[in-house]
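Taking it in order: structure first as structure tokens, then the write-up.
The values are calculated or read from the model by the stated rules, or taken from the named source; none is laboratory data. These figures come from a predicted structure and were not determined experimentally. Neighbour counts are summed over all protein chains in view; Cβ atoms, including those assigned to glycine, are modelled from backbone coordinates with ideal geometry. Surface areas here come from the heavy atoms of the whole protein model, side chains and all, with no ligands, DNA or RNA. Shrake-Rupley method; radii C 1.70, N 1.55, O 1.52, S 1.80 Å.
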Amino acid sequence: MRAFAQAPSSLVLDDVVRMYFSCRPEADAAGQYVSYSSFVDLDRADPTRVVRVAEHPILELGGTGTFDEFGIYPVSVIRDDWRLMAYYGGWTRCESVPFDVAIGAAVSTDGGETFSRLGPGPILGRSLNEPFIVGGPKIRRFDGGWQLFYIAGRAWMLASGRPEPVYRIRLATSSDGLHWSRLDHDLIQPRIEAHEAQASPDVFSAGGRYHMFFSYRRSIDYRGKAGGYRIGYASSDDLVTWVRDDPQAGIQVSDDGWDAEMVSYPHVFEMDGRWYLAYLGNGVGRDGFGLAVLESGLG
Amino acid sequence: MSVAPRLRWRRLGHVFDVREARLPDGFMGFAQAPQALVLDDRVRIYFSARSVDANGGKYRSHVLFADFAPSLDRLIAVSPEPVISRGGLGCFDEHGIFPMNVVRVGEEIRAYTCGWSRRVSVSVETAIGLAFSRDGGRTFDRVGPGPILSATVREPFLVGDPSVRVIGGTFHMWYIFGTAWRRVPGSSIPERTYKIGHAVSVDGVDWTRDEGVQIIPDRLGPDEAQALPSVVEIDGAFHMVFCYRETADFRTNVARGYRLGHALSADLISWDRADADLVLTGDAGAWDSDMQCYPHIYEHAGQVYLLYNGNEFGRFGFGAAVLER
């Protein structure tokens, strides 16, 4: 792996917190990347200390013509009794637009070192009102159920002839983690423009409410600082109705350094009484991910 | 099961020859996967014709129709333009619709579409969409920009070829799903294998599939590709007509190309393969001598009709046959 450490997602183990992330080998001759997902183990007592970096991807890429032939990104892992379940975005390449994404699921019985697919196809792909880019899954289990927060594409916008995707945050629920029912509407209303793109919903429960951090950007011209990814915030009592209040996110781009142009892909988790926020910086994770610790209480 | 009744189909010939029937400007031939809608005074037969992309020269399929006198011996008119718009950028049906199955449900006319979108490592992906007509089947509007059935865990790609019937108040769909994309000798691109599956629904929108379950046994082995299922009830038994071919070397090798298959069921659950019981009588024409594919069965005025394509996957149009009782 050469660069990128995208989409950090945590799994708290006995001595370490395992951070799953996605990374890329060198681009091919045509300048195209594939993505793999792997993990790094951080010291539970001092998560700035790297204990181990996995040497292999947790899952090989899919076979010819399958939804995850060209990438597995991001991945979200959760415990299910004696096993671990991983939900991931599988990437394929298209002709008129650069790619499509669908959500796959895989099982680990070795503590999260390796996973095997439930089957060769996706558990959640395109549907009537989610015509493409069904991806970015984050798996959660609140109140005895299973919740899958994800994104679904709503438009490919042409900017100087180049297709740029717009997507929104969605929710599917399940009683077993295998069969999913889609809520079939957007959870978060757009704020900066009608075609605001939203991604990486990260939901946690604290103080009797649900909180969501997510990232958002303009539909076009988003690769630099002005229109690039920012972190938004919303809260909910029922996981379905969300009130957006971005200033509550409490994290902005830095004045300089690795996270000066953009911040994205927030992931909040609790460990040993402290709350942590992992996130990506410039180039959507080209230089790795960072970690922040919560200073004030959760409202 | 009792002795299977033979289906003897008498050829009516090349009822729609694209070289004689004028297609609208911009269409360079092909009239694939004919599908009928019976109207008061005519039979409307939808089919997929092809245009050629200015950029890159690839084909794109569009759905047109031809109206015929009920006996199919007189062409009344050809639609002046496609009945459904092109799919949007990045959508499942962006690069064509083929086939489109039109179904009357009470007062409604709805269409189940097989949408095509191009891929990079393989040539194409397909999924099944839904559209409604409010003008008697002249034009159709999509219910949404995405498909109602697409790839799932055990049907990883190439979900397509829908054929829907309401039987006993339940919607039944027969369709195909891909089982392999693989490199074969003599081909520079991966070739595909697909099998026929079955789904049911109470409203025709939300479907329950027997996911990944192939309902029609193979005759050629695991490399058999099965397509375009069409089901009709005759004298208390359900008959399915479909087409099948080898996975490799099927385009020009007559012995490995598409031909018609036939299966029988008493309960719509278990199917017995009975290809030999499907007989096409009458002389084959220059248009259907080497290949028969993309069948569709419909009933009208007490007769059962079979529409199908012939040589070169329907390059020259479609023909018909009528069931002999």
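The heavy atoms of B:Phe132 offer some 50 square angstrom of accessible surface to a 1.4 angstrom probe. With the simple spin-label model, which puts each label point 7 Å out from Cα in the Cβ direction, the B:Val124 to A:Trp82 separation comes to 4.6 nm.
Accessible surface buried at the B:A interface totals approximately 2200 Å², computed with a 1.4 Å probe on protein heavy atoms. Sorting B:Arg6, A:Arg209 on solvent-accessible area from highest to lowest, probe radius 1.4 Å, gives B:Arg6, A:Arg209. For the stretch A:105-118, putting each phi into the Karplus relation 6.51 cos²θ - 1.76 cosθ + 1.60 with θ = phi - 60° gives couplings of 9, 9, 10, 10, 10, 10, x, x, 6, 9, 10, 10, 4, 5 Hz, in residue order, rounded to whole numbers and with x for Gly and Pro.
Report, for the protein assembly as shown, the % of DSSP beta bridges that are antiparallel, rounded to 5. Just about 95 percent of them are antiparallel. When Rg and the Kirkwood radius Rh are both evaluated on Cα atoms of the protein assembly as shown, their ratio Rg/Rh stands at 1.02. Name the longest site-free stretch of chain B, where the excluded sites are GluC sites (Glu not before Pro) in a DSSP loop with no more than 16 other beta-carbon atoms within 10 Å. Answer from the scan: B:212-323. Counted without the sites themselves, the longest stretch of chain A free of GluC sites (Glu not before Pro) in a DSSP loop having at most 12 other beta carbon atoms within 10 Å is A:56-294. Estimated at 0.36 nm per residue, the fully extended path between A:Thr173 and A:Asn129 surpasses their Cα-Cα distance by 14.2 nm. Each principal axis of the Cα cloud of chain A was taken in turn, and the coordinate range along them, longest first, works out to 49, 41, 40 Å.
The trypsin sites (Lys or Arg not before Pro) of the stretch B:74-176 that DSSP puts in a loop, and whose beta carbon has at most 16 other beta carbons within 10 Å, are B:Arg74, B:Arg86, B:Arg134, B:Arg138.
No disulfide-compatible partner, judged by a Cβ distance under 4.7 Å, exists for the following cysteines of the protein assembly as shown: A:Cys23, A:Cys94, B:Cys91, B:Cys114.
Expressed per residue, the C-alpha convex hull volume of chain B stands at 134 Å³. In units of the compact-protein estimate 2.2 N^0.38 Å, the stretch B:150-313 shows a Cα radius of gyration of 1.05. Around the Cα centre of the stretch B:115-168, unit charges on the Cβ atoms of Lys, Arg, Asp and Glu (plus for the first two, minus for the last two) sum to a dipole of about 40 debye.
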